[in-house]
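Student: The structure that follows is given in the form of structure tokens.
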Amino acid sequence: MPELPEVETVVRDLRPLLVGRVLLDVSNGAKRLRYPWKPTWNRRIRGLSVEAIGRRAKFIIVGLTQDASLLIHLGMTGQLTCVPDDEIVADHLHLRFRLSGGFELRYRDIRRFGGVEFHTGQASLEKRFESVALGPEPWLMDGDNWVASLMASSRAIKSLLIDQSTISGLGNIYADEALHRAGIHPARQAKSLTRPESTALLQAAGCVMEEAIAGRGTTLRDYVGGSGLGGTHQHSLAVYGREGEPCSRCGLIIIRIMIAGRSSHFCPGCQSQDIGKRGGNRVLP
DNA sequence: ATGCAGTCCTGTAAGC
DNA sequence: TGCTTACAGGACTGCA
């Protein structure tokens, strides 16, 4: 399930493989994606070449000549890879962009929660981003604005962390990891956090993401990077997916509860329900 | 306005 | 063994 670190890894992998290549053609499968590719785009991409590749939150932006771009979201199981065009074709492959030099940019997505869009002009792209109302990424979030957002919300802090309009890039895995690192119980009301706790949580979110990027992301099920290689950060997770195992910091057994319809993993020792208790203002390695 | 539950989708695993 | 059911969750819709 690609969150910010996985998307960043895909971008970094693809950059040397993709930049400078010309889009020759595209073929798309019959199954409808959440963000569907329109057949009218087929001829419009022909002859455009890749100038840059970047990322905003969990969206990948492939910058093309003539001010055009591809906007890609991987959803839950999306895979964007650049491979030689004779590479074996796997199931659930939805889009194949034929590239110069005998390569293909492939979009594969088992559960079809993602997709690829074509945009022309900066305005079209900006309008698209406005419609999803993305908050800042953790390391760009202003501390005072962050504290204010938390103080204004009676929601569970876990629910706020995965809400892309408040802060972008975190999903279920890294939200659980950030809460554990900051010593905050996921069910705490956002407005119950003290200022030091809020600040520690923001810092923890940034650290967790940076470490995950360094490990090429977390491969639990379907995620692979842009060259098809998986991540290694699953070996470094402190709480996510570790229900019933002892906490590496205090030894208590990690618990899983449901918050806002999502699994939330936490350590009852390190993450107290009580305000300011048990290391709420610490950021530990 | 706010926040929750439901929806989409398929593969995997648990349970009977 | 073979079926049914639950679960995984990013982003969106609809409802209270």
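The values are calculated or read from the model by the stated rules, or taken from the named source; none is laboratory data. Not measured: the values here are computed from a predicted model. We place every Cβ from the backbone using ideal geometry, glycine too, and count neighbours over all the protein chains shown.
Student: Quick check on region A:222-233. Is at least one of its residues within 16 Å of DNA strand B (Cβ to nearest atom), under 30 Å from A:Leu93 (Cα atoms) and of a type in the set (Ser, Thr, Tyr)?
Tutor: Checked region A:222-233: at least one residue is within 16 Å of DNA strand B (Cβ to nearest atom), under 30 Å from A:Leu93 (Cα atoms) and of a type in the set (Ser, Thr, Tyr).
To keep it simple, each residue is scored yes or no on (1) modelled with pLDDT of 95 or more; (2) charged (D, E, K, R).
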position	(1), (2)
A:Thr40	no, no
A:Ser49	yes, no
A:Ala57	no, no
A:Thr65	yes, no
A:Leu105	yes, no
A:Asp109	no, yes
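Student: Do any residues in region A:227-251 that are within 29 Å of A:Arg106 (Cα to Cα) have Cβ atoms under 6 Å from those of residues that are within 14 Å of DNA strand C (Cβ to nearest atom) and outside any loop (DSSP other than H, G, I, E, B), where the two are at least six apart or on different chains, and which pairs are they?
Tutor: Note: pairs meeting the criteria are A:His233/A:Ala212.
Student: Let me ask you something else. Among the helices (runs of 4 or more DSSP H) confined wholly to region A:94-168, which include 2 or more residues that are closer than 30 Å to A:Ala30 by Cα and within 15 Å of DNA strand C (Cβ to nearest atom)? Give the steps one after another, and end with the answer.
Tutor: Working: elements: A:122-132, A:143-151, A:157-161.
Counting at least 2 such residues, we get A:122-132.
Student: Shifting gears a bit: Among the numbered conditions (1) farther than 21 Å from A:Asn42 by Cβ; (2) within 14 Å of DNA strand C (Cβ to nearest atom); (3) not polar (S, T, N, Q), tell me where A:Ala90 comes up short.
Tutor: (2)
Student: Give me a count of the residues in region A:28-41 that are surrounded by 14 or more Cβ atoms within 10 Å (Cβ to Cβ) and within 17 Å of A:Arg128 (Cβ to Cβ).
Tutor: 6
Student: Hey, among the residues in region A:189-236 that are of a type outside the set (Gly, Ala, Ser) and in contact with a strand residue (DSSP E or B) (Cβ under 9 Å, 6 or more places away or on another chain), which one's surrounded by the fewest Cβ atoms within 10 Å (Cβ to Cβ)?
Tutor: Among those residues, the one meeting the criterion is A:Gln189.
Student: Of the conditions (1) touching a strand residue (DSSP E or B) at 6+ places or on another chain (Cβ under 8 Å); (2) away from DNA strand C (no atom under 16 Å from the Cβ), A:Arg34 fails just one. Which one is it?
Tutor: Failing condition for A:Arg34: (2).
Student: Let me ask you something else. Condition check: of a type in the set (A, V, I, L, M, F, W, C), within 16 Å of DNA strand C (Cβ to nearest atom) and surrounded by 14 or more Cβ atoms within 10 Å (Cβ to Cβ). Does A:Leu23 satisfy that? Spell out how you get there, then give the answer.
Tutor: Values: of a type in the set (A, V, I, L, M, F, W, C): yes; within 16 Å of DNA strand C (Cβ to nearest atom): no; surrounded by 14 or more Cβ atoms within 10 Å (Cβ to Cβ): yes.
Answer is no for this residue.
Student: In region A:17-41, what residues are among the hydrophobic types (A, V, I, L, M, F, W, C), closer than 27 Å to A:Arg111 by Cα and not in a strand (DSSP E or B)?
Tutor: Of everything in region A:17-41, those that are among the hydrophobic types (A, V, I, L, M, F, W, C), closer than 27 Å to A:Arg111 by Cα and not in a strand (DSSP E or B) turn out to be A:Leu17, A:Leu18, A:Ala30, A:Leu33, A:Trp37, A:Trp41.
Student: Here's a follow-up. For region A:87-133: of the residues being among the charged types (D, E, K, R) and farther than 20 Å from A:Asp13 by Cβ, which is farthest from DNA strand B (Cβ to nearest atom)?
Tutor: If we take residues in region A:87-133 being among the charged types (D, E, K, R) and farther than 20 Å from A:Asp13 by Cβ, then A:Glu126 is farthest from DNA strand B (Cβ to nearest atom).
Student: For region A:42-95, enumerate the residues that are under 16 Å from A:Asp109 (Cβ atoms) and exposed (fewer than 15 other Cβ atoms within 10 Å of the Cβ).
Tutor: Correct list: A:Val89, A:Ala90, A:Asp91.
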